[in-house]
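Quick notes on the structure that follows.
The values are calculated or read from the model by the stated rules, or taken from the named source; none is laboratory data. Bear in mind that the values here come from a model prediction, so they are computed numbers and not experimental data. Positions of Cβ are generated from backbone atoms using ideal geometry, with glycine treated the same way; all protein chains shown enter the neighbour counts. For the accessible areas, the whole protein counts, side chains as well, though only heavy atoms, and no ligand, DNA or RNA atoms are used. Shrake-Rupley method; radii C 1.70, N 1.55, O 1.52, S 1.80 Å.
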Amino acid sequence: MGNGPHPVPLISWANVGYQTSLKSSCIATSVRSMGIVLLTGSEGTICLYQHSIKKVLAIHQLPGKLTYLGAQGLRLNWANSSRADPSTSDKALDPQTNGSSPLKDGSTGLREVGVVAKCLGSSMIFLILLQHLDGWPYVIRELEDKSPGSFVVTSSCFVETSVQLLILGSRRGQLAVYNRSGSLLRPSSSHTARPHNDAITSITVVASDFLACEVGQIIFATTGRDGTYKIHSLTINQMEQRDDDRVIELKTLNNCKLPFGPYIEGAYLDFFTQHLFIWGFRSTQFVVWNESQKAEVLSVECGNAHRNWDYVAHEDGKGGGSFVFTKASLCCIYFQEEASHRVLQCGSHGREVKALALSRSSQAIEDPRSRFLATGAEDTAIRIFGHEPPNVMPRLHCLRILTDHTTGIQQLCWSEDGQRLFSAAGCEEFFVWRVTPIQSIGLGVYLEARCPTVTDSSDLRIMDFEVLLTPIAPGTATNAENKAYFLIMAYSDSSVRVYCYSSWLENKFDLLFTGFHETHCLTQVKSLRSGLQQVLDLCTAGTNGVLALLQLDTRKGPSISTSLPLRSLQWCTQLDVHKNSIKSLDVIPFSPTESIIATGGDDGDIWLTYMRFPDEGCSGGPPSLVSKRINPAHATAVTGVACLVAIGMQERGVFLLASVGTDQHLKVWEITIPKGAGTDQVRFRLRSDVHTSVADASSLGHCWDEEEQLWLYVAGVGMEIRRVKIEDA
């Protein structure tokens, strides 16, 4: 190494051999930890360079010129079950050469080298194993298997568990999984999938949770020349077998478009920091990206991707690496010991936050108390934060940034189990995201579905929506992860549409109900009496200040395999509440037939509307509505209200109501509702009034910690988290 604050390695050149087959063309691959390089040229000859003896030797001959050659060091003895006697195997090296070639790397535990090769114009895939036997490396030819005619191999990965798998990537973005069975390599039960739209450039295993006797899961990442990287899971059930082929399920967990590309060429998971690094090209630059910190760590001006190049990550926790490339007939080497800069404080959205949603659970095995916090803004991005259990102050760290929306986010909502995130924006955009915690990576997010548009209007917005989990008929969905939801959407053209979303169907959205309420813009929609399965009660609010209620008969909805034809909505009752637009709405249910609807308006008022149904069934007629005003509430528009219920409060008929407005005041109200009382007996008093630094507050969220302390989340131009002690409020 050189001297100075940033030492660089000394570079030396030496002639190590000459092979005529490498003269016109050459493909090279290496196993750096073992100090070997494999090369092939125009004649199908595979040559081996060993750094310990600094010689290039021909070791194997294939029937034609190769289009792909990939090598990987193996810890398991893949050749053990079918290894031929050394006298019948192909000797890899001439006996007259030095026989001290160290193909076994004791420092890393690598015992063999697995080589995958594909010949030009042939459908055969060749698997070659290099093994150190009796002081001599031997080539043991294990496999010849036909691939689909359009499957041109561009990447490969050996998966080493008690089940030996080979994963191949193709030029057309396909993945193929092969299962090692004795001396054969069989296509798995789910043989091919196409997760990318262009060539798959790398396959990297990032996590493995495997039980040799039952079911195991392998997590691996793929990069492609479509500008994305994806994370997949292979679930292997060894108990279920068909013709000696274990049942293998391939599922994509994460799909992310990177801020550079489209040539994304490789990835690795750093052992020390558990950060995921991805590299590729952006126009004329080579870029290394820290996906875990959402930061660029290396950038080199090299021309473009169309040249000979290689990148070696140092994998020492510092983020450095070495990049070698050719440019204008020169061989250039770039060395960087550590990341070009260090992130002191991660930023958030570039514009005001319009929506905020806190999941009930993050499904995390390490800490079930943890949650996910999703925020959506006018910059069209959705950010998902890891939310650790509150102590002194909740800690947030950004796990994923979703950029598929093309317009500003209007609303976000989590499913009850935290497995799906629903998002709405302008131009009728409504997306469903499947969210999966991933070992080592943190979080996988996959765009599961897009709701089809129902109009030709580019200005139509989904202003608000609600998600309700609904039962599934027995035998309808075969997987426990498959769920059905009611999606109630309020649009800016005064329409309400109710969909049934079935995650396991090809056409996932089924429009059940539709209707219009006068000519104003609807701003809020909320369900009432959600415990009933035969009837769905909804309340809507809009720019005319009117609170309207409607009932839906869902007895022939998604609880059976076929739904009824599209039906029209009929509003059953309505009540004039605010003088102008209703900006926020929440519901306090305190009995099967009674609820308090809290609304905040553009007039700065908060109204409490007492709603009572005649009975608990669905045939008792419309409910009665009576309203009471909280005065004074805020000096300007009330943009967020949240009903808060702590343990033991509901039995006493006491509730807390949080509100925030554009006057930058965050208030907590205590509401007392005597049993059997009407709205004239509902009492309220202000318990807390604090100033918030968030301007133009647009969303309000809350959670309770284990000590029954209340945490409030305010989003607008920035985001703020505040703790409210009930006894001090």
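Report the extension gain between F272 and Q439 in nm, rounded to one decimal, defined as 0.36 nm multiplied by the number of residues separating them, less their alpha carbon distance. Present the calculation step by step, with values, prior to reporting the outcome.
On the way: separation 167, 0.36 × 167 = 60.12 nm, distance 1.49 nm.
Between F272 and Q439, full extension yields an extra 58.6 nm.
Report the calculated FRET efficiency for I11 and S42 (r = Cβ-Cβ distance, R0 = 25 Å), to the nearest 0.05.
0.30
Given a Förster distance of 25 angstrom, what is the FRET efficiency for L447 paired with A480, based on the Cβ-Cβ distance and rounded to 0.05?
Working: r = 21 Å, r/R0 = 0.86.
Efficiency for this residue pair is about 0.70.
Can you give the accessible area per residue of segment 396-496, in Å², using a 1.4 Å probe?
Details: 3590 Å² over 101 residues.
I get 36 Å² per residue for segment 396-496.
May I ask you to compute the full-extension gain from N304 to A635, defined as 0.36 nm times their residue separation minus their alpha-carbon distance, rounded to one decimal in nm? Kindly include the intermediate steps, with their values, before the conclusion.
Details: separation 331, 0.36 × 331 = 119.16 nm, distance 5.77 nm.
Full-extension gain reported as 113.4 nm.
Carbon and sulfur: what percent of segment 282-355's accessible surface (1.4 Å probe)? Don't skip to the answer; put the middle values down first.
Values: 1890 of 4030 Å².
It is 47 percent, rounded to a whole number.
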Pairwise centroid distance, computed over Cα atoms, of segment 456-526 with segment 309-365, Å:
38 Å
With 0.36 nm assigned to each residue of separation and the Cα-Cα distance removed, W504 to S24 gains 167.6 nm
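To the nearest 0.05, how large is the calculated FRET efficiency for E720 and S322 if R₀ is 30 Å and r is the Cβ-Cβ distance?
Details: r = 44 Å, r/R0 = 1.47.
The value I calculate is 0.10.
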Kirkwood hydrodynamic radius for segment 222-333: how many Å is it when counted over pairs of different Cα atoms?
15.8 Å
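Quick one: which of K579/K667; K230/K526; K251/K294; K118/K230; K257/K327 span more than 31 angstrom between C-alpha atoms? List each step's numbers first, then the result.
Numbers: K579/K667 22 Å; K230/K526 36 Å; K251/K294 25 Å; K118/K230 24 Å; K257/K327 28 Å.
Cα-Cα > 31 Å for K230/K526; rest within.
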